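Report on the structure given below.
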């Protein structure tokens with residue numbers, strides 16, 4: 001008899017693939033470090049080569065952990081947005097959440113004075129990290145609430161998507177005006193931040209990012225039943241005892257926390273939020289969020305780790321911004337998905 005793989009077996013396979021991608025990311029970089037030495041550095045307090053020890057423990061390991069957190073957060077945030085608005089193209093970037101987070105970061109970095117630069121924020125340590133994270137989450141939440149308010153009155157997913165795009169364009173225009181009247185040094189720091197990077201999050205910043213992503217993911221996982229009900233429409237959700245208004249607020253808070261914190265520390269990262277939920281549905285052939293949530297976490301993390309490995313191709317002295325790689329891989333992936341599925345009926 002022909003055996004079919006169960007969701008548990010597929011999740012286990014993705015978990016093994018995640019381990020391989022994580023190790024690949026640790027080995028990728030201009031300095032070639034054998035895998036056996038990486039294991040020795042990770043699991044022994046004293047390493048033979050001090051330079052290799054510093055590179056692995058202080059640069060590559062925090063970067064790989066950041067990719068793990070960002071992959072989970074962006075994928076789950078995209079899944080929540082697509083379910084909430086029942087729109088296959090909905091994700092934090094398209095709906096303006098990422099632009100709102102960027103506006104919050106710009107409000108801190110371009111506000112004038114030496115204390116507003118990214119370097120100064122990092123030098124502030126723990127309080128400075130909270131400052132930029134809170135600003136990004138607040139900006140993301142504000143834009144998302146505006147989109148929700150307008151879409152609630154119009155009750156049309158297509159119009160909601162257009163409103164999200166217009167809000168994103170409006171926010172980006174405000175940031176551009178702010179950049180035009182800012183000092184060149186501040187503009188340079190902000191432009192470097194917009195390229196996206198997983199390598200600048202270390203120490204206390206990584207701790208704060210971990211706390212914020214964990215809080216957002218826990219909220220999202222606890223909302224699985226509400227998301228399953230909302231997938232069939234608001235009227236069905238109400239018949240199942242779901243308070244739609246409260247569900248919207250919870251989902252918006254979770255997504256804003258995830259997208260805002262990731263955008264604050266890593267910069268805008270494209271296509272992970274829109275592509276990964278479709279890959280998860282295609283791979284598991286289910287609409288149950290109890291399966292899609294962990295699936296999105298695993299697939300999103302694997303993709304972002306692979307993109308980061310490609311961005312710092314082994315033996316190359318040049319490290320590309322990760323946002324470039326995710327866009328180069330994500331855009332064709334979404335196109336292929338649309339061609340293969342013809343139309344995405346799971347939201348209609």
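The slack in the chain from residue 244 to residue 15, taken as 0.36 nm per residue of separation less the alpha-carbon distance, amounts to 79.1 nm. Going from the fewest other Cβ atoms within 10 Å to the most, the residues 289, 53 appear in the order 53, 289. Extension gain for residue 181 to residue 58 (0.36 nm times residue separation, less C-alpha to C-alpha distance): 40.6 nm. For the pair residue 235 and residue 215, a Förster radius of 25 Å applied to the C-beta separation gives a FRET efficiency near 0.20, rounded to the nearest 0.05. With each label modelled as a point 7 angstrom along the Cα→C-beta vector, the residue 169-residue 335 pair spans 2.3 nm. Spatially, the range 189-233 and the range 263-281 are offset by 10 Å when compared through their Cα centroids. Here, the range 197-348 has an Rg and a Dmax of 17.2, 59 Å when only alpha carbons are counted. When each of 91, 185, 234 is scored by the number of other beta-carbon atoms lying within 10 Å, the sequence from fewest to most is 185, 234, 91.
Secondary-structure-derived ellipticity at 222 nm for the chain, considering helices only, amounts to -24000 deg cm²/dmol, per-run term -39500 (n - 2.57) for DSSP H runs with n ≥ 4.
Projected onto its three principal axes, the C-alpha set of the chain covers 67, 63, 34 Å, listed from the longest axis down.
Where a number appears in this text, it was derived from the coordinates with a stated rule and is not lab data. This is a predicted model, so every value here is computed, not measured. So basically every Cβ, Gly included, is an ideal-geometry build from the backbone, and we count neighbours across all protein chains shown.
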